Amino acid sequence: MIIGLTGLPGSGKGTATEYLAKKYGATTKKFSDPIRDIIRRLYQSITREHMQNIAKFIRSEFGNNIFAETLLQDVSQANQKLIVLDGFRYEDEYQLFRKKEDFVFVAVEASLENRFVRIKLRPENAGDQNLTLEHFKLQHEFETEQAIPSLIMRADFRFDNNGDKEQLFKQVDGLMRKLGYEIQG
């Protein structure tokens, strides 16, 4: 089974992914992992701007689906029962995985205000702690974020992550029961 996650920055995709790994033994992959690897290798700060610029360049050189195709190869080589792919951002990525019969697409949603607070508190990207609400709103206009709202509408399941983590985890557990999985740990 492949669970694909989409959602705007700070919605809780990473939290859901970590929970699925911990409680259900899922193997996890993020669309942003190859980008982060490149930036680290160049000894640069991992900022949202760097990630977007690197991703845009790589897509222009190798095609819009390069990251999805890379993850598809990783998934096909993995001998795992449950794989979570975190960070679908483009229609092409969704379409590539939608063809797989064992694919379930999930959207994680949260209000702008909740997402902003989470982004500022997490240590994922350099500079996020200094982000203003105005700049955070502007980031939604970036090319990498524009298709996410339409992808959310395509989701097979949606998690409302405007509460605490326990409320999100209950929704994840409910989905996993529907899919026939039990907590492992």
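The values are calculated or read from the model by the stated rules, or taken from the named source; none is laboratory data. What you see is a predicted model, and the numbers here were worked out from it, not measured in a lab. Cβ: placed from backbone, ideal geometry, glycine included. Neighbour counts: every protein chain shown.
Which of the residues that make up the stretch 26-66 are within 30 Å of residue 179 (Cα to Cα) and among the β-branched types (Val, Ile, Thr)?
27, 28, 66
Among the residues of the stretch 81-91 satisfying the criterion of being buried (at least 17 other Cβ atoms within 10 Å of the Cβ) and farther than 12 Å from residue 148 by Cα, which is nearest to the chain's Cα centre (by Cα)? First the steps, then the outcome.
To start, the set of residues in the stretch 81-91 that are buried (at least 17 other Cβ atoms within 10 Å of the Cβ) comprises 82-90.
Checking which are farther than 12 Å from residue 148 by Cα leaves us with 82-86.
Values: 82: 16, 83: 13, 84: 9, 85: 7, 86: 3 Å.
The qualifying residue nearest to the chain's Cα centre (by Cα) is 86.
Just to be sure I understand the filter: pairs with C-beta atoms under 6 Å, separated by 6 or more residues or on different chains, first member in the stretch 25-46 and small (Gly, Ala, Ser), second member surrounded by 19 or more Cβ atoms within 10 Å (Cβ to Cβ) and not in a loop (DSSP other than H, G, I, E, B). Which pairs pass?
That search, which allows pairs on different chains as well, returns 26/20; 26/84; 32/87.
Could you list, in sequence order, the residues of the stretch 146-172 that are without any contact (Cβ under 8 Å) to a residue 24 or more places away in the chain and either among the charged types (D, E, K, R) or farther than 22 Å from residue 113 by Cα (or both)?
Within the stretch 146-172, 164, 166, 170 qualify.
Counting only residues that are at pLDDT below 95 and over 13 Å from residue 8 (Cα atoms), give me the helices (runs of 4 or more DSSP H) lying completely in the stretch 124-165 with at least 1 of them. Working first, answer last.
Working: elements: 133-139, 143-146, 148-154.
Result: 133-139.
Can you tell me which residues in the stretch 93-106 are surrounded by fewer than 18 Cβ atoms within 10 Å (Cβ to Cβ) and of a type in the set (D, E, K, R)?
Scanning the stretch 93-106 gives 98, 99, 100, 101, 102.
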